[in-house]
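Enquirer: I'd like to ask some things about the structure below.
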Amino acid sequence: MSVATPLLVAPSTLLAGAAVLGAGTYASRLAGTVLRTRVRLPPQLEKLVNRGVVVLLAALVGVAALIEGAQFAGPARVVGVAVGGLLAWRKAPFVLVVPAAALTAAGLRLLGIR
């Protein structure tokens, strides 16, 4: 029986990859800033892109709120995220939203609701 060894990456390869990704990210952001005044999207496409951003953000929040690893995160986290979402929707200051969500989840966990 053979034991598989983990794939190790040389530090220079890791640094090169990080540099390429960083340069690509910077270039795409710079292109957006430079081209914003030169390129106009049709109104329907702009509306679709804006909706796509909202859908992706909602999916990210949903996954982060519901799943931890490969399992359900538990009702405490879901309720905490819901409290934070409700406060954000009501336009509460961010410095209030995050602690309220964290304290809600922590309080429920303290009560034994995981």
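The values are calculated or read from the model by the stated rules, or taken from the named source; none is laboratory data. Worth saying up front: this structure is predicted, and the values here are computed from it rather than measured. Cβ sites come from the backbone with ideal geometry, for glycine too, and all protein chains shown count toward neighbours.
Enquirer: So for segment 26-49 (the condition being in contact with a Leu (Cβ under 6 Å, 6 or more places away or on another chain) and of a type in the set (Val, Ile, Thr)), does at least one residue qualify? Working first, answer last.
Expert: Step one: list which residues in segment 26-49 are in contact with a Leu (Cβ under 6 Å, 6 or more places away or on another chain), which gives none.
No, that holds for no residue.
Enquirer: Sticking with this structure for a sec: Can you name the number of the only condition in (1) within 20 Å of the chain's Cα centre (by Cα); (2) aliphatic (A, V, I, L, M); (3) more than 30 Å from residue 113 (Cα to Cα) that residue 76 fails?
Expert: Exception for residue 76: condition (3).
Enquirer: Does segment 41-58 include one or more residues that are of a type in the set (Asp, Glu), over 18 Å from the mean Cα position of the chain (by Cα) and assigned by TED's automatic domain parsing to the domain that holds residue 112? Full working, then the answer.
Expert: Of the residues in segment 41-58, the ones of a type in the set (Asp, Glu) are 46.
Narrowing further to those that are over 18 Å from the mean Cα position of the chain (by Cα): 46.
Filter again for assigned by TED's automatic domain parsing to the domain that holds residue 112, leaving 46.
Yes, the conditions are met somewhere in segment 41-58.
Enquirer: Now a separate question. Inspect all residues belonging to segment 72-90 and state whether any of them is over 26 Å from residue 111 (Cβ atoms), of a type in the set (Lys, Arg) and without any contact (Cβ under 8 Å) to a residue 12 or more places away in the chain.
Expert: Checked against the condition, which is being over 26 Å from residue 111 (Cβ atoms), of a type in the set (Lys, Arg) and without any contact (Cβ under 8 Å) to a residue 12 or more places away in the chain, segment 72-90 yields no hits at all.
Enquirer: Would you mind telling me which numbered condition in (1) surrounded by 10 or more Cβ atoms within 10 Å (Cβ to Cβ); (2) within 20 Å of the chain's Cα centre (by Cα); (3) modelled with pLDDT under 90 residue 100 fails?
Expert: If we test residue 100 against (1) surrounded by 10 or more Cβ atoms within 10 Å (Cβ to Cβ); (2) within 20 Å of the chain's Cα centre (by Cα); (3) modelled with pLDDT under 90, just (3) comes out false.
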